[in-house]
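*Asks:* Let me give you the structure first, and then I'll get to my questions.
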Amino acid sequence: MSTHNDLRKIAGQLIMIRFPGTVLDAATADFLRANGIRAVCLFRGNMTDAEQLARLTADLRAAMGPDALIAIDQEGGAVVRSTWVPAPPAAMGLGAANDTDLAYRTGAAVARAVKSLGFNWNFAPVLDLNNNPHNPVIAERSFGAEPQRAAELAMAWMAGSHAEGVACCVKHFPGHGDTNVDSHRDLPTVDKPVEQLQQLELAPFRIASAAAPAMMTAHIVYPTLDADNPATMSRRILTGLLRDEWQYQGIVITDGMDMHAIAGRYGVGNAAVRALTAGADMVMALGTTETQNETLDAIANAIAAGELSQAEIQTRLDRLSALARAYPCKPRSYKEDAADRVIMAEGWRRALTAYSANGRAPQPPAAGAKVRLVARQDVVSDGVSEAGVPAAVVAASLGKLYDVELITFADANSFDWAALPRDGRYTMLASTSRMRYGEHARSNWRPDLHLALWNPYQALDIQAPALLTYGFAQPALDAINAWLSGELQATGIAPVPGFIQ
């Protein structure tokens, strides 16, 4: 007869946790060992530099054993956790460059960096089609809006990662692209006929299902597929569609069960059991030690009650072990840093996209001109992305070419554009957050050039010619300077509707 602790050790193999801090403290190490946990996800707060992170992942491997799964969200663009390694262009930047070979080389370069730091699982690439310009959480994280091409680029990126020994996890099945609600905050709904879902949202996941070793579920309700449950807890979607219809053989892992869409509505323990009985293999029990204990107890009780059969549990454990063995957590040396920076810079340069407004194409000011730069005072993280680029960094970058005066604003909804001096200075707006602009900015702001350094859809809000970079990393600023000085053409083509080029 299995004791509750024995069952918790089985439950522990079916969850992934996070923990605070930059070292593996004794209490966390004991928690991992006592509960048989073999999967963790590390975030920005767990990292300071390469030496610290390599030590932390080595300690995790020692605590979790040879089948450890150590995961990271290193997508590119604004969603990167290790910020000192070569900065990958965002998926939409690769969509704008529209080159599967470049996507392959980028995925391989990302994998080399994260493998050297001790990771063997990357929660990327994103397969969501960004077909809603007001999506608050996907935007430039998507390769585009056309299912076939988005899938081809994502699969090339994934193949590059797999060639370097890092498993990918495509996300967010069945598709987070056409939402205007962030599931970290509430439960979105995508209410479309099944035929439409099959042609759009589902198509990239179906294309990738033969090759993707793992898929992450979305906390979204699709009423035409299952009116009662979000995908994460839907047997109709995870088992009926993904396993039975598509014959998917890989891992199904939930998105974070601490997200408000789930935790606030269902309770973390109940939700974890519902996800596993729906067909998930692993529950991402991020949260706190308290919620992780609640999750372990709930799963152990469900096993004891026979809600999950021994055969179902063994199938899940076998899949997870197969992933860990196919992509062992063995750090490699990283001698390619400089060469990989060249690959990343190529991606950022080829992504650079010119957007014309009212028939006006972007035109750079003359070398050495007086430039007024307008940008937000603060840089914000939305909890998913890293914080944007500070205004002073943009000013310093432009200062290599121009005489720059920096003006910052606290609130886009009240900043008075008309109060700027009319002294002939060429005025640039740098957009350094993901948030779309409101009516005030759309009606009143008229820069000579808009640098859309994060969310490309912001270019649609401001009546001005724009450069789209799909992200704010240093190579994006370098690409802008190359365009301003005439050495680079902006050849990217926005891979989503609505942009006049």
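*Asks:* Scan around TRP454 for amide H atoms under 5 Å from its own, H built in the peptide plane at 1.01 Å from N, and keep only partners 5 or more places away or cross-chain.
*Replies:* It is THR469, TYR470, GLY471, by chain and number.
*Asks:* Relative to the longest principal axis of the C-alpha atoms of the chain, give the angle of the C-alpha long axis of helix 100-116, reported between 0 and 90° and rounded to the nearest 10°.
*Replies:* 60
*Asks:* What Rg and what Dmax come out for the range 377-422 when only alpha-carbon atoms are used, in angstroms?
*Replies:* Rg, Dmax (Cα atoms, Å): 13.1, 39.
*Asks:* I've got another one for you. Using the 10 angstrom Cβ neighbour count as an exposure proxy, how do LEU460, LEU420, LEU477 rank, fewest first?
*Replies:* So the ranking, lowest neighbour count to highest, is LEU420, LEU460, LEU477.
*Asks:* Now for a different question. Report, ordered by chain and residue number, the lysines lying within cross-link reach of LYS335, taken as a straight Cα distance under 26 Å and ignoring same-chain residues fewer than 8 apart.
*Replies:* In chain and number order, the partners are LYS115.
*Asks:* Along the range 50-66, what does the Karplus equation 6.51 cos²θ - 1.76 cosθ + 1.60 (θ = phi - 60°) give for ³J(HN,Hα), rounded to whole Hz, x for Gly and Pro?
*Replies:* The phi angles translate into 5, 5, 4, 5, 4, 5, 5, 5, 5, 5, 5, 4, 5, 7, 9, x, x Hz.
*Asks:* What's the whole-number percent of alpha carbon pairs in the range 4-326 lying beyond 39 angstrom?
*Replies:* When all Cα pairs of the range 4-326 are counted, 6 percent exceed 39 Å.
*Asks:* Assuming 0.36 nm per residue, please report the length gained on full extension of the stretch ARG325 to THR491 beyond their Cα-Cα distance. Could the numbers behind the result be given before it?
*Replies:* On the way: separation 166, 0.36 × 166 = 59.76 nm, distance 4.19 nm.
The ARG325-THR491 span can extend by a further 55.6 nm.
*Asks:* Please identify which residues in the range 289-327 have an amide N closer than 13 Å to a label point set 7 Å out from the Cα of ARG235, following the Cα→Cβ vector.
*Replies:* Taking a point 7 Å out along Cα→Cβ of ARG235, the residues of the range 289-327 whose backbone N falls under 13 Å are 307-309.
*Asks:* While we're here: Between ALA410 and THR3, what length in nm is gained on full extension when 0.36 nm per residue of separation is reduced by their alpha carbon distance? It would help to have the intermediate numbers written out before the result.
*Replies:* On the way: separation 407, 0.36 × 407 = 146.52 nm, distance 5.74 nm.
Gain on extension, ALA410 to THR3, equals 140.8 nm.
*Asks:* Could I have the simple spin-label model distance between GLU290 and LEU317, label points 7 Å from Cα toward Cβ, reported in nm to one decimal?
*Replies:* Here the answer is 3.1 nm between the modelled labels.
*Asks:* In addition: What is the dipole size for the chain, taken about its Cα centre, with +1 at each Lys and Arg Cβ and -1 at each Asp and Glu Cβ, in debye to the nearest 20?
*Replies:* Working: 43 positive and 52 negative charges, 137 e Å.
Roughly 660 debye for the chain.
*Asks:* Along the charge dipole of the chain, pointing to its positive end and built from +1/-1 on Cβ of Lys, Arg, Asp and Glu, which listed residue (ALA482, ALA208, ILE313) has its Cα farthest out?
*Replies:* Farthest along the dipole direction, towards plus: ALA482.
*Asks:* With θ set to phi - 60°, apply the Karplus curve 6.51 cos²θ - 1.76 cosθ + 1.60 along the range 237-247 and write out the HN-Hα couplings as whole Hz, x wherever there is a Gly or Pro.
*Replies:* 7, 6, 9, x, 7, 6, 7, 7, 6, 8, 6
*Asks:* Taking the alpha-carbon centroid of each part, what is the distance from the range 61-119 to the range 350-425 in angstrom?
*Replies:* So the two Cα centres are separated by 29 Å.
*Asks:* In terms of modelled amide H atoms, which long-range or inter-chain residues lie less than 5 Å from the amide H of LEU69?
*Replies:* For LEU69, the qualifying residues are ALA39, VAL40.
*Asks:* At a temperature of 10 °C and a viscosity of 1.306 mPa s, determine how fast the range 1-113 diffuses translationally according to Stokes-Einstein, using the Kirkwood radius over alpha-carbon pairs as Rh; express D in µm²/s, rounded to the nearest whole number.
*Replies:* D = 100 µm²/s.
*Asks:* When the convex hull of the Cα atoms of the range 190-320 is projected onto a plane and the area is averaged over all directions, what value comes out in nm²?
*Replies:* 7.7
*Asks:* Kindly rank 137-148, 98-109 from highest to lowest mean number of other beta carbons found within 10 Å of each residue.
*Replies:* The most tightly packed comes first, giving 137-148, 98-109.
*Asks:* Still on this model: Quickly estimate the mean residue ellipticity at 222 nm for the chain, helices only: each DSSP H run with n ≥ 4 gives -39500 (n - 2.57), and the total goes over all residues, rounded to 500.
*Replies:* Calculated mean residue ellipticity at 222 nm is -11000 deg cm²/dmol.
*Asks:* How large is ³J(HN,Hα) for each residue in the range 360-369, as worked out from phi by the Karplus curve 6.51 cos²θ - 1.76 cosθ + 1.60 (θ = phi - 60°), to whole Hz, x for Gly and Pro?
*Replies:* Whole-Hz 3J(HN,Hα) from phi for the range 360-369: 9, 7, x, 10, x, x, 5, 3, x, 5.
*Asks:* Moving on to the next point. Quick one: grab the alpha carbon gyration tensor of the range 346-501, order the square roots of its eigenvalues as a ≥ b ≥ c, and give me rounded if a/c is under 1.5, else prolate or oblate depending on whether a/b is larger than b/c.
*Replies:* Rounded.
*Asks:* Just to check, using Stokes-Einstein with a Kirkwood Rh over alpha carbon pairs, what's the diffusion coefficient of the range 58-101 at 37 °C and 0.692 mPa s in µm²/s?
*Replies:* After rounding, the answer is 258 µm²/s.
*Asks:* Return the lysines within reach of LYS370: Cα separation strictly under 28 angstrom, same-chain partners fewer than 8 residues apart disregarded; answer none if there are no such residues.
*Replies:* Here the lysines satisfying the reach criterion relative to LYS370 are LYS400.
A short reminder: the numbers here are calculations on the coordinates, not readings from a lab. Bear in mind the structure is a predicted one, so any value in this text is a computation, not a measurement. Neighbour counts are summed over all protein chains in view; Cβ atoms, including those assigned to glycine, are modelled from backbone coordinates with ideal geometry.
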